[in-house]
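Just so it is clear, none of the values below were taken in a lab; they were calculated from the coordinates. It should be emphasised that the depicted structure is a prediction, and the values quoted were computed from it without experimental measurement. Neighbour counts run over all protein chains shown; Cβ positions are idealised from the backbone, glycine included.
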Amino acid sequence: MTIELGADPVTITATATDAAGRSTSVTFTNNGVLTIAPAGEVSMVLGAEQKFTASGGQEPYTWQAVGGDLDVQTGKEVTYKAPEAAGVYHLTVTDANGDYASVTLKVGEPLRITPHSARIMRGETAQFQVVSGAAPFRWEAEYGSLSSVTGDKVTYTPEEHLGLYPIYVYDSAGSVVKVTVEVSEGLVVTPATATVETGKTEELIVSGGTGSYTWSALRGEVTPLTGDKVTYTAPEALGDGNDEVTVRDSAGNQAKVSISVVASVQALNELSITPKEVTLVPGESQTFVAQNVKDPALLKWSVTGGDITSEGVYTAPESSGTYTVTAIDLANGRQATAKVTVKAELMLTPTVATLDTREARDFTVSGGVAPYTWKIIGEGYLSSTTGDSVTFTASSKTGPVKLMVMDNEGVSVSAEITVVGAMKVSPASVTLAPGSTQKFSVSGGSGTYTWT
């Protein structure tokens, strides 16, 4: 006898009876086909959590996620946490018999609409578009009309009355965003607010007002600077994430556009190092941190000068210069670099000297950033005006002289030189009678005089 089992769980009892009327029975349970609930294709937002349950097959169950994280690896129920990067991922459960079932996970970015709001004049329409979220999308407007209640792009026509009109957008992950349309008179810019990725553009249009229009931006760029239609380019650096565009008409009226500058998806996934640039003195340490590294154990550091540990702690070398710190993600070959400038303190030796007229003395500079430039303030001569060592020769004139040296970044130090004449006693010789007196004077030399 052959019993064909179905996909659903069931308990079956089979009884066999011979010609003499004797019988025997056997009972067994069919657990059914291994399944996951929810099944098929599941849409999730970035970083969201979802419970999944296994049934059928033969316990115990083992779970594996390709992308994202699980709270446990075994059991009937697990909680899956979606990654922060948009994409298609997979969750698989395997039973004791080696059978498996899987579900596809579509992870998207948070629901975002552009523009956040719009200002239009009476009789005009406003356009809105979904930037990201889990499709399909549904639109609702309490007043006015929409060109469609589904899709990622709609045109809204408000009522004739001036005022503020709300529109609601829903995605399949349950997220909801409210955008608004303001119907007004006067100088109006569309969109009134916008979300723009670093380095990307957004078209801005102004209407109403009087005469010609002039545009300006706090951080980004606007081209052209005049006209009713311009292109705004967001800055490459994220900064505090805010920017503002102002348009003025010839009568002095103005309107502002609030810009939210966000990092691009590519930038969020790129390997990067913090800080990007740093200045240190010889022997000083700095900790560098790599972002967007999936497995820190597969991160390798290298430097062109100095030393760095596997934890990213860098120690500057004793010599001044510019060096590069490189982080390499061995999991995918991505690289990121940071710049280190090492500056030793600019030092001059000696800093004080006393010389006779025509006497020479060597002076040496170290530290700072080469090349070095020398100059004299006062009388004297230099063997060279460049280099890390020069010879100063005093002139025939006595008095103070300043010797100054400047490095390539404009930092300077100086030495104070005192030039003195040869020591002379006047009169140099004299003949005296016993008991007579003579006055002597001294010049030249330096400091106080002692007579014997």
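Prolate is the label for the stretch 44-86, because the ratio a/c of its alpha-carbon gyration tensor axes (a ≥ b ≥ c) is 1.5 or higher and a/b is greater than b/c. Let me make sure I get this right: for the stretch 293-452, a, b and c are the square roots of the gyration tensor eigenvalues over alpha carbons, sorted descending. Under 1.5 in a/c it's rounded, otherwise prolate if a/b > b/c, else oblate. Which is it? It comes out prolate by the Cα gyration axes. Overall shape of the stretch 102-154 was characterised from the C-alpha gyration tensor. The equivalent ellipsoid obtained from it has semi-axes of 28, 12, 7 Å, in decreasing order. Candidates Pro317, Thr357, Leu299 compared by Cα position along the dipole of the chain: farthest toward the positive end lies Thr357, with charges placed on Cβ.
Using a simple spin-label model with pseudo-atoms 7 Å out from Cα toward Cβ, Trp451 and Glu49 lie 9.9 nm apart.
Sorting the segments 280-288, 293-301 by their residues' average number of neighbouring beta-carbon atoms within 10 angstrom, most packed first, yields 280-288, 293-301.
Of all lysines in the structure, the ones whose alpha carbon falls short of 30 Å from that of Lys178, not counting any fewer than 8 places away in one chain, are Lys51, Lys81, Lys106, Lys153, Lys200, Lys229, Lys256.
The Cα atoms of the stretch 69-226 cover 79, 36, 19 Å along the three principal axes, with the biggest extent listed first. From least to most packed, judged by other beta carbons within 10 angstrom and beginning with the fewest, Lys439, Lys276 follow the order Lys439, Lys276. Dipole magnitude for the chain: about 1820 debye, using +1 per Lys or Arg Cβ and -1 per Asp or Glu Cβ, origin at the Cα centre. Cross-link reach is defined here as a Cα-Cα straight distance under 20 Å, omitting same-chain residues fewer than 8 places apart; for Lys439 the lysines meeting it are Lys424. Cross-link partners for Lys402 among the lysines, with Cα-Cα distance under 23 Å and sequence neighbours closer than 8 places in the same chain left out: Lys375.
No solvent, one uniform scatterer per C-alpha: report log10 I(q)/I(0) for the chain via the Debye equation at q = 0.05, 0.06, 0.09, 0.10 1/Å, two decimals. Each listed q corresponds, in turn, to -0.48, -0.61, -0.91, -0.99. Note on the chain: helix-only mean residue ellipticity at 222 nm, from DSSP H runs of 4+ residues weighted -39500 (n - 2.57) and normalised by residue number, equals 0 deg cm²/dmol. When Arg361, Arg119 are sorted by how many other C-beta atoms sit within 10 angstrom of their C-beta, beginning with the fewest, the order is Arg361, Arg119.
Starting from the stretch 195-265, pick out the GluC sites (Glu not before Pro) whose DSSP state is loop and whose Cβ has at most 15 other Cβ atoms within 10 Å. Passing sites in the stretch 195-265 are Glu236.
How many percent of all Cα-Cα pairs in the stretch 270-342 sit more than 15 Å apart? Roughly 46 percent, once rounded to a whole number. Shape verdict for the stretch 58-157, please, from the Cα gyration tensor: rounded (a/c under 1.5), prolate (a/b greater than b/c) or oblate. It is prolate, given that a/c is not under 1.5 and a/b is the larger ratio.
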